[in-house]
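The values are calculated or read from the model by the stated rules, or taken from the named source; none is laboratory data. These numbers come from a predicted model, not from an experiment. A quick note on method: Cβ atoms are made from the backbone with ideal geometry, for glycine too, and the neighbour counts reach across all protein chains shown. When the accessible area is computed, the model is the full protein with side chains, heavy atoms only, and any ligands, DNA or RNA have been set aside. Shrake-Rupley method; radii C 1.70, N 1.55, O 1.52, S 1.80 Å.
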Amino acid sequence: MDRRLFIWRKRTVVSALLLAVIFLLVGNLFATGADVFVKNWADASGIYQYLFLRQCLLAACLYPLFRRLPQDARVLRRGRLQAFRANLTVIGGACVFVALTELTLATANVLFYASPVLTLLLAAWWFKEPLHKFRLFNIACCFAGVVVALQPDSGGLGILAGLAAALCIACHNLLVRYIPSSTPTIAVMFWGTVLSIPLMAILSVFNWQPFSLPMLYLVVGSAVCVCGYQLCCIVAYRRAEAGAIALAEYSGLVFAALLGWWLFSENIDIWTATGMAMIIFPIFWQTVIEHKRLPKTVPGEVN
């Protein structure tokens, strides 16, 4: 019985880690898609007009699912924390918008991918997660790969906005750990969306523009992508240690390079290929290391 229980627990841990990584991979594909929509149609609206309309659309889509939850599950818990987390979207969303309009898609993504580094450090600070040497090395290697692959060549406001966006993303993902685990994912997403709308509505008034078809593309397309990204991140960071899966965030670099080549005619040169290899290899290596850290023997079993 002990042996069967041990094997079941081990498989559960491995499955949870693998599933969390898969969700992050899919989430980062959605996130890159949102960047593409902003890059293509950023001029269609003001920053907060776009964010306000996007959040309203997200709330409208989430509401039917939210209403289907039991009444107790719909209660707003840790309201101040959820409000703070929601308003990180106000800051982070504006920073992403500015970075993507000021910089190329490739250069902006260099800065966004500082987020896993910040996630690792914040997880160690807030949750006392161990800073294993191989995690630090792999994160550093991946970030170096980002720089080699995309070769950032711009500065100014876009750089500051990109770094601020990375910090907001890291905080937004990790703060979900403070929300009671009994709160359904849909409820977390719904309240995170609704609580960000009032401030966005106020800020959008100062730069409101007439509604247009390009604005519709921007709002609907980015809303779908952001919804997919947030859903995947919530599921992933609830299933595994942040330090064990944060590396998978770098998969978005591959998606950014491919979409940049396909949609914006950005060349994938030798530097890009080298940087991508520097990122992909540590992802596989970390997966192997994390697997080896799991117990290999059953209590009482003789090797």
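The 3J(HN,Hα) values that the Karplus relation (6.51, -1.76, 1.60; θ = phi - 60°) gives for the range 189-204 are, in residue order, 5, 5, 5, x, 7, 4, 5, 8, 5, x, 5, 5, 4, 5, 5, 5 Hz. Gly and Pro appear as x. Looking at the square roots a ≥ b ≥ c of the eigenvalues of the Cα gyration tensor of the range 167-216, which shape do they give, rounded for a/c under 1.5, prolate if a/b is larger than b/c, or oblate? Cα axes put the range 167-216 in the prolate bin. Couplings for the range 102-115, taken from phi via the Karplus curve 6.51 cos²θ - 1.76 cosθ + 1.60 with θ = phi - 60°, read 8, 10, 6, 4, 5, 5, 4, 5, 4, 6, 4, 7, 7, 4 Hz in order; Gly and Pro are left as x.
Note that the range 171-177 has calculated 3J(HN,Hα) couplings of 5, 4, 5, 7, 5, 5, 5 Hz, one per residue in order, obtained from phi through the Karplus relation 6.51 cos²θ - 1.76 cosθ + 1.60 (θ = phi - 60°); glycine and proline are x.
Sorting I270, I91, I159 on solvent-accessible area from highest to lowest, probe radius 1.4 Å, gives I270, I91, I159. If the chain linking S181 and N267 were pulled fully straight, counting 0.36 nm for each residue of separation and taking away their Cα-Cα distance, it would gain 26.6 nm.
Under 5 Å between amide hydrogens, built in the peptide plane, is the criterion, and for E266 it picks out W261 among residues at least 5 positions away or on other chains. Restricting the range 34-116 to trypsin sites (Lys or Arg not before Pro) that sit in a DSSP loop and have at most 12 other Cβ atoms within 10 Å of their own Cβ leaves R68. For the range 106-146, applying the loop criterion from DSSP together with a ceiling of 12 other beta carbons within 10 Å to the trypsin sites (Lys or Arg not before Pro) yields K128.
On the basis of the beta-carbon distance and an R0 of 30 Å, W208 and F84 show a calculated FRET efficiency of 0.70.
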